[in-house]
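These notes concern the structure reproduced below.
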Amino acid sequence: MTEQDFILKSYNSTLESGSVKWESPSNIALVKYWGKKDNQIPENPSISFTLSDCKTITEITFIKKESKDFSFDIYFEGKKNEAFKPKIQTFFERIEIYMPFLKDYHFKIETSNTFPHSSGIASSASGMSAIALCLMSIERSLSTVDISDKIFSQKASFLARLGSGSACRSIEGELVVWGKNESIEASSDLYGVKFEGEVHSNFKNYQDTILLVDKGEKQVSSTVGHQLMHGHPFAEKRFKQAHDNLAKLKTVLASGDVNEFVKIVESEALTLHAMMMTSMPYFILMKPNTLEIINKIWAYRQKTDSKVCFTLDAGANVHVLYPENEKAFILEFIKNELVSCCQNGHYICDQIGQGANQI
Ligand code: PMV
């Protein structure tokens, strides 16, 4: 597939109005995407677990209008939200070439999250993928040719990527790869693909408990962070390492070797933050309690035979990953030892999910 293949060529906008609704989950990367080229093309491949309960629910109501400019309103958790408008405006501008009907309609976008807005959990992956899916449903009802489910998901992922890179990994479950990598034949820089390799039962229903260490606004946005990988002294080595780690993870997912899984995943998290610390200007998104939690996880692993591990996204929060059969013990450990490191004692229990759903 090329970008050209995603241009809607044959449609009619005789439909006067309608409404579509999707729920789409967040995802957590195991091999991290950090650094991008123009048009949201990743510098390196990534793979993520799709989450189950951390979701955005979006309904788009559309009504025919005279074609001229984009026209839309956004309601977040029931209230009109002006702050989200510039992001959606940019998104519409980027995707208009692929969805030429966008100026034919006024859109009312109503959205809400299942997780608290001020939790520091990035809602861009679930939010952008939910909008992309709604727009695809509208496209499906306008298109004069049939859109297969495969093309539907592929284009939804392609559009979501143009909204926020990692959002392209939120359409399907349970594991999604984004970015061309030799070990994964179907992989593409343009959209996420469901990981079709073998997955050992050790990784079924893997758990992710998100410890909310800092709910404040990040000091440095992902957009700026990605840009700082241009001319970064370690960039090329890092991009190569991500390719190698993805190939290794593929083998580990098949063999069920959780010890190797832990090594790759924790190394990826720390490498992501090492890239931040060695950017110019440099920055640190971890907080003292992030390190406190990491050390406690390591100590717990040493004194038990637990396979619990951590990963981080571009922030201070810690994702605690563990096999389902350890759930009772790890939740005890979290309550006894880690909750004190969370802001207001807050954490969110989630697990691997199957991807987005139309509702
Ligand atoms: O999708 P963005 O531009 O917000 O970047 C997200 C990057 C990380 O969350 C740090 C890693 C990843 O692969 O999700």
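For segment 64-84, name all the residues that are surrounded by 14 or more Cβ atoms within 10 Å (Cβ to Cβ) and more than 16 Å from the ligand (Cβ to nearest atom). Correct list: K64, F70, S71, F72, D73, I74, Y75, F76, N81. Considering (1) more than 30 Å from L331 (Cβ to Cβ); (2) assigned by TED's automatic domain parsing to the domain that holds L30; (3) within 12 Å of the ligand (Cβ to nearest atom), the lone condition that G225 does not fulfil carries the number (2).
Taken together, K55, K21 contain a single residue that is buried (at least 19 other Cβ atoms within 10 Å of the Cβ), in contact (Cβ under 8 Å) with a residue 24 or more places away in the chain and in a strand (DSSP E or B), which is K55.
For segment 27-38, indicate whether the set of residues that are on the phi < 0 side of the Ramachandran plot, touching a residue at least 40 places away in the same chain (Cβ under 8 Å), surrounded by fewer than 20 Cβ atoms within 10 Å (Cβ to Cβ) and in a helix (DSSP H, G or I) is non-empty. Taking every residue of segment 27-38 in turn, none turns out to be on the phi < 0 side of the Ramachandran plot, touching a residue at least 40 places away in the same chain (Cβ under 8 Å), surrounded by fewer than 20 Cβ atoms within 10 Å (Cβ to Cβ) and in a helix (DSSP H, G or I). Taken together, I138, I95, I147 contain a single residue that is of a type in the set (A, V, I, L, M) and free of Cβ contacts under 8 Å to residues at least 60 places away in the same chain, which is I147.
Quick grid of which residues meet (1) under 22 Å from E185 (Cβ atoms); (2) at pLDDT 95 or above; (3) out of contact with any Gly (no Cβ under 9 Å at 6 or more places or on another chain):
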position	(1), (2), (3)
I41	yes, yes, no
S46	yes, yes, no
T50	yes, yes, no
I57	no, yes, yes
F62	no, yes, no
K65	no, no, yes
F70	no, yes, yes
D73	no, yes, yes
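Here W178 passes the criteria (1) under 14 Å from S48 (Cα atoms); (2) in contact with a Lys or Arg (Cβ under 6 Å, 6 or more places away or on another chain); (3) outside the structural domain of N27 (by TED's automatic domain parsing) except the one numbered (3). Considering only residues in segment 121-152 that are in a loop (DSSP other than H, G, I, E, B) and within 16 Å of the ligand (Cβ to nearest atom), the one that is surrounded by the most Cβ atoms within 10 Å (Cβ to Cβ) turns out to be I121. Candidates V193, V224, V220: the one that is crowded, with 18+ Cβ neighbours inside 10 Å and not acidic (D, E) is V193. Which condition number does T251 fail, the rest of (1) of a type in the set (S, T, N, Q); (2) buried (at least 16 other Cβ atoms within 10 Å of the Cβ); (3) in contact with a Ser or Thr (Cβ under 9 Å, 6 or more places away or on another chain) being met? Looking at each condition in turn, T251 falls short on (2).
Being more than 15 Å from the ligand (Cβ to nearest atom), buried (at least 19 other Cβ atoms within 10 Å of the Cβ) and more than 13 Å from the chain's Cα centre (by Cα): is that true of K155 here? The answer is yes for K155. Restricting segment 33-61 to residues that are in contact with a helix residue (DSSP H, G or I) (Cβ under 6 Å, 6 or more places away or on another chain) and closer than 18 Å to W22 by Cα, the residue that is farthest from the ligand (Cβ to nearest atom) is I60.
The values are calculated or read from the model by the stated rules, or taken from the named source; none is laboratory data. Remember, it's a predicted structure, so these values are computed and weren't measured experimentally. Every residue, glycine as well, gets a Cβ built from its backbone with ideal geometry; the counts of neighbours run over all protein chains shown.
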